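Some notes on the structure that comes next.
The values are calculated or read from the model by the stated rules, or taken from the named source; none is laboratory data. Source: prediction; values computed, not measured. Note: ideal-geometry Cβ built from the backbone for every residue, glycine included; neighbour counts use all protein chains shown. The area values use the complete protein model at the heavy-atom level, side chains included, leaving out ligands, DNA and RNA. Shrake-Rupley method; radii C 1.70, N 1.55, O 1.52, S 1.80 Å.
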Amino acid sequence: MSERTFSWELFNKAPLVGIIRNVSPEDVKRILPIYREAGLTTVEITMNTPGATDMIRYALENEHYGLNIGAGTVCTKDDLDAALEAGAQFIVTPVLSKKVVKSCVKKGIPVFPGAYTPTEIFQAWSWGASMVKIYPATALGPGYIKDVKAPMNQLKLLPTGGVSLENMEAFLKAGANGLGIGGQLFDKKLIQDKDWDGLKAHFLQFAQKLA
C-alpha cells in the first residue's frame, strides 16, 4: 500500500479522473508531467493495461508530486490486491463488487465503483463508496445525473464514458461531483505522433473548462 495517500484537496482543484488505458510505459512517462503542468491532478491506470502495476509503481516513485495516482478496471479482489501492492492511492471499478468496495473502505482507500441504476448507485454509496462512477454515462447523458441527484442529493457521482470537451460543463451543471474521461482526454493520435506540446494544449482545454 502507498505511503502517500489520496488528496481530496488536489482532486477538488480539478475534479477529473483521467483514464489511461493501453498506453505504453514510455508514453506514460512523458504524459504524467505534462498532465500535471496542464493543471490536472488525478489519474487512473487501468489494470487491463499491459504492465499496469509497474506503471503505477513508477508514477508513485517519480511523478507523485501534485498528482493522485490510482488503479482502474479493478474487478476482483486479486486485481485490488495487485493494485494496492503497487501503491495505488484510489480504486475505480467498472462494476459493483461488494468485496472490493468493502475492502477499500476498511483500508481507508477511496473507491469509485461503477454503477448504473439508482438502486445500484445507492447500494454502492451505502457500502461506503467515496464517489459512485456512473458507467457508461454515454447514453444516459447529463439529465440522468440531475434526475438521480434530485431525490438523493447526498450522493457523489462521477459520470464516465462519453464525457467530452463538448459536454463536460453540462455534466457538472447537472450535479456531477467529478468526471471520468479516457480516450477523449488521452488523444491517441497526439500520443502516437509524440506531439507532447499538442497534448499539453489539449489537456489545458479540459483544465480550463473545470476552472
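Structure values in brief
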read-out: Calculated log₁₀ intensity ratio I(q)/I(0) where the Debye formula runs over C-alpha points of the stretch 95-169, q = 0.12, 0.16, 0.17, 0.22 Å⁻¹; value: -0.31, -0.54, -0.60, -0.93
read-out: Between the stretch 127-199 and the stretch 83-109, the alpha-carbon center distance in angstrom; value: 20 Å
read-out: Rounded FRET efficiency, nearest 0.05, which uses the C-beta distance separating Ser126 from Cys75 and R0 of 30 Å; value: 0.90
read-out: Å² per residue, accessible surface of the stretch 8-206 at 1.4 Å; value: 43 Å²
read-out: Length-normalised contact order for the chain - Cα pairs under 8 Å, 6+ apart - percent; value: 20 percent
read-out: Karplus (6.51, -1.76, 1.60) ³J(HN,Hα), θ = phi - 60°, over the stretch 24-33, in Hz, Gly and Pro reported as x; value: 6, x, 4, 5, 4, 4, 6, 6, 4, x
read-out: Calculated Rg and Dmax of the chain using C-alpha coordinates, Å; value: 15.9, 47
read-out: Computed lengthening from Leu10 to Ser24, 0.36 nm per intervening residue step minus Cα-Cα distance; value: 2.5 nm
read-out: Two-site label geometry, Val105 and Leu165: point separation in nm, points 7 Å out along Cα→Cβ; value: 4.0 nm
read-out: Vicinal HN-Hα couplings computed from phi for the stretch 104-119 (Karplus, 6.51 cos²θ - 1.76 cosθ + 1.60; Hz; Gly/Pro x); value: 5, 4, 4, 8, x, 9, x, 10, 10, x, x, 8, 10, 8, x, 5
read-out: Long-range amide H partners of Gln89 with built H, under 5 Å; value: Ile69, Gly70, Ala71
read-out: GNM result for the chain, Cα springs below 10 Å: residue of Gly87, Gly178, Gly198 fluctuating most strongly; value: Gly198
read-out: Restricting the stretch 88-189 to GluC sites (Glu not before Pro) in coil, as DSSP defines it, with at most 14 other Cβ within 10 Å; value: Glu166
read-out: Computed helical MRE - 222 nm, the chain, DSSP H runs ≥ 4 contributing -39500 (n - 2.57), nearest 500; value: -13000 deg cm²/dmol
read-out: Accessible area of the chain belonging to carbon and sulfur atoms, whole % at 1.4 Å probe; value: 51 percent
read-out: Residue of Ala14, Ala139, Ala170 that the Gaussian network model of the chain assigns the largest fluctuation, springs spanning Cα pairs under 10 Å; value: Ala139
read-out: Members of Lys29/Lys209; Lys149/Lys173; Lys77/Lys133; Lys133/Lys189 lying beyond 22 Å, as alpha-carbon distances in this model show; value: Lys29/Lys209; Lys133/Lys189
read-out: The stretch 137-211: translational diffusion in µm²/s, Stokes-Einstein, Kirkwood Rh over Cα pairs, 37 °C, 0.692 mPa s; value: 248 µm²/s
